[in-house]
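Here's the structure we're looking at; comments come further down.
FYI, it's all coordinate maths here, none of it is from the lab. Quick caveat, the model's predicted, so the values are computed rather than measured. Here the Cβ positions follow ideal geometry from the backbone for every residue, glycine too, while neighbour counts run over all protein chains shown.
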Amino acid sequence: MATGYMSVWVGLRFATGGTEFSDSADIARTMSDFDDVCVLLPTFEEAETVGTVVSSFREAGLREILVIDGGSTDGTRDLAREAGARVVVQSGEGKGQAIREAVREHVDARYVLMADADATYDATDAEAMLAPLLEGEAEHVIGDRFADMRPGAMTRLNRIGNRIINGTFRAVHGEEYGDILSGYRAFTRESFLRLTLSADGFGVETEMAVECVKQRVSVAVVPVTYRPRPDGSSTNLHPIRDGGVIFLELYRKAKTNNPLFYFGSVGTISTTAGAIMAAFVLYRWLVFDVGHEIIAVAATGAIILGMQLLVFGVLADMILSLHREQLDRQDRVVEERLASDAGGADAESEPSQSGDTGTDDGLTAESAGN
């Protein structure tokens, strides 16, 4: 990247406060914009690609690159250092734990650009990823891999699973973030510290997306290129196992973000199962005059439990709605006070300026009289 001003045409889709809109802007960038950016690369057995990835980000103008390694034995750490990265070894296990530890303990920069070290993401997209943060238009940016996915970059099974998970997220949590499983992220360190994260594995991206909704972090979605892994490298992702973990994470996070779905789904299943058992008992009793006392008791218990969960879900949803209304009211009060303080400051500065003008006018008139 050459020094001096550079511009990039960035297509952004913003999702803030439940709304979504499109915007395109010609954004000027200088090399100094990246001085307060840290590139974060979680790694585990990435010797085939980590050197290339680190070098590509340095060529893109990003000087601070942190590799946090999960105990690789293939020389990943040495290759990362040789390419110019700062390397630390994580104290725990899993990608989620690595990200939390890195941002909280090893990153001092205001902005963090996070990517996988498998050479599937393009370092030249870094400028577009950081643009919403540097312009103050968003606190968290997600790179949408589906915008420019190269042939062979994702298997059909993974593609279908991604679509299902994104659709589930949209239905349960009410926001359209395009590609919540993307590992290409940019965010302010301050906004990351507001997120309550606990996932240790590949569920961390899902957890971050849900927490952004819950904590009202402004999110922008930026199209990025997604390429196949280079020949000779292998993925650490297991589609079935990790897909199950991600679905469980979506459901677990719904407890505090969409309690009606969290309790209502189980309540509906329990009530339906109880109703089916009750219908079977009734049919056997009416047609064959055969009683099934144990099944009848189980059916009654399932129906009662299901109804209780449904009622609890409705009540919890009402409480959450009231809480959100209170937060909205507090936000409006803060905004009004800030606007009032700003207006008062402007009003105080106007008389002094007017007085100075009056004095100057008097001197001018006196000079004219003389």
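Among Tyr262, Tyr283, Tyr184, a tally of other beta-carbon atoms within 10 Å of each Cβ gives an order, fewest to most, of Tyr283, Tyr262, Tyr184. Ranked for footprinting exposure by Cβ neighbours inside 10 Å, fewest first, Glu205, Glu46, Glu175 give Glu175, Glu205, Glu46. Taken one residue at a time, the phi angles of the range 77-93 give Karplus couplings (6.51, -1.76, 1.60, θ = phi - 60°) of 5, 5, 5, 5, 5, 4, 7, x, 8, 8, 10, 10, 9, 5, 7, x, 10 Hz. Gly and Pro are set to x.
For each of Ser191, Ser340, count neighbouring Cβ atoms within 10 Å of the residue's Cβ, then give the residues from fewest to most. The partial results should precede the final answer.
Working: Ser191 20, Ser340 10.
So the residues, fewest neighbours to most, are Ser340, Ser191.
Close amide H contacts of Met149 (hydrogens built in the peptide plane, cut-off under 5 Å, sequence separation of 5 or more or a different chain): Tyr226.
In this structure, the amide hydrogen of Arg229, modeled 1.01 Å from its nitrogen in the peptide plane, lies closer than 5 angstrom to no residue at least 5 positions away or on a different chain. Computed from phi, the 3J(HN,Hα) profile of the range 158-173 under the Karplus parametrisation 6.51, -1.76, 1.60 (θ = phi - 60°) reads 5, 5, 4, x, 4, 5, 5, 5, 5, x, 5, 4, 4, 6, 7, 10 Hz, with x in place of Gly and Pro.
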